[in-house]
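Below is one structure, written out as structure tokens; the observations come after it.
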């Protein structure tokens, strides 16, 4: 039985508690959150506190708070020599206060409060200062996910960077797509099968092989036509820039 | 029974023949292609020709060739007053030669030869000069797909433009993601669940609600860190540009 304390109850930890709850091999013994929270009735047996001095004993303490707050929050913890991990893609392990044994437990996924996720498909990227802690994080990860990989901080930073391109930036292109259609009173639903297939395609093909479109084939006529159709200057800048990059890439 | 002739056998028509073949209500009576082709054994009963003067009689002729060639090819057809449609998102209906009855049958999806698709989920955007032809295209569309919409050329151009953002440009961001990881010897597979979830999310949330990331929350520290991590100048330009647009968007 791995005893876990969740520190902070934002997007990641509020999803982690659900995944942990499914396994008898994990017990969430305490949830700390600065402001008062009420847990879902499923977890009503799990004690909650907003007092940092009350945090109970556990095998691993999982910090799920905003990147900027991780360093000072880990410093404020009142215990020592425990395994304390954060869940951030972009924060180096050594930003954690060194009075505790440090580690990282980073689920590589996008989390929103409103949207359920299946942890079994989510890669968990782990890191720890010492081999026993790494083993414990490996075990913890394997209980909820099929993919657990040891990724050191430097590589994790690159992974997080790549994630920004394929998640945040991709979603911004969805926003642009929706905006273009809404101006024409065309339902965004028409684009959803294309969006789904674009993502599904790279399960079988690498992105290079999956690339299509006017920029790849240097179809100047279509590109000019598109530019003349775009009314929003920001969208036009994005269109021009990515088209130029794609043309360069395929030359 | 709707009799169909396929003109050209590129990405779209080679997928359409499979979808049509599944229905007893549609008969592909002839496939024309400029260069010689051999059909898959499933369709070996379907006659193939590379002589434009040999094309057989049908209810609808579906042109599936490159955008630039549609106008002159439709002019070269040796029959008149038949229903001739193209399958392109970006080409106006009236670019078809007017000696025939003109129409459009545009499946809004990304097609690659190597990747099977399920037409039932693909929106078919139709257009025709006269109501009877529109009805026939509606029937033809409904046999293979759950979504058939009448979309005039002007709106279809906008739809095609939006499709470039959410498909071609999105895939380019996948290419960047893969490139960043390959330089670190990290498997692109780690990003696939995130890519899938990013696309799946907008089934439940609109893209505005689904947006996350450092640019949205104006997290200057992470943005600066990312810029320092990007080695490729093209990637850096894309990162800067989309981050700026996202910041503007959320201000």
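The values are calculated or read from the model by the stated rules, or taken from the named source; none is laboratory data. Since the model is a prediction, treat every value here as computed from it, not as a measurement. Here Cβ is always computed from backbone atoms with ideal geometry, including for glycine, and neighbour counts include all displayed protein chains.
Count of the stretch A:224-242 residues, restricted to those that are more than 9 Å from every other protein chain (Cβ to nearest Cβ) and under 18 Å from residue B:236 (Cα atoms), is 1. Within the stretch B:12-29, if we keep just the residues that are part of a helix (DSSP H, G or I) and closer than 12 Å to residue B:143 by Cβ, the residue that is nearest to the chain's Cα centre (by Cα) turns out to be B:16.
Being outside any helix (DSSP H, G or I) and more than 7 Å from every other protein chain (Cβ to nearest Cβ) is the filter here; which residues of the stretch A:164-188 pass it? It would help to see each step written out before you state the result.
Taking the stretch A:164-188 as the starting set, the residues that turn out to be outside any helix (DSSP H, G or I) are A:184-187.
A:185, A:187 - these are the residues of the stretch A:164-188 that are outside any helix (DSSP H, G or I) and more than 7 Å from every other protein chain (Cβ to nearest Cβ).
Candidates B:191, B:161, B:140, B:136: the one that is at the interface with chain A (Cβ under 7 Å from one of its Cβ atoms), assigned to a helix (DSSP H, G or I) and either over 21 Å from the mean Cα position of the chain (by Cα) or over 16 Å from residue A:181 (Cβ atoms) (or both) is B:191.
Checking the condition surrounded by 15 or more Cβ atoms within 10 Å (Cβ to Cβ), closer than 19 Å to residue A:115 by Cβ, under 23 Å from the mean Cα position of the chain (by Cα) and at pLDDT 95 or above, which residue from A:73, A:32, A:9 passes? None of the others qualify; the one that does is A:9. Across the stretch B:104-118, the qualifying residues are those that are at pLDDT 90 or above and more than 10 Å from chain A (Cβ to nearest Cβ), and the one among them that is farthest from residue B:20 (Cα to Cα) is B:104.
Consider residue B:63 carefully, then state whether it is closer than 13 Å to residue B:5 by Cα and touching a residue at least 40 places away in the same chain (Cβ under 8 Å). So residue B:63 fits the description; yes. Selection of strands (runs of 3 or more DSSP E) fully inside the stretch B:48-119 by the criterion of at least 1 residues being over 20 Å from residue B:130 (Cβ atoms) and assigned by TED's automatic domain parsing to the domain that holds residue B:31 returns B:101-107. Looking across the stretch A:196-241, the residues that are part of a loop (DSSP other than H, G, I, E, B) and within 20 Å of residue B:88 (Cβ to Cβ) come down to A:211, A:212, A:213, A:214, A:215, A:216, A:217, A:218, A:219, A:230.
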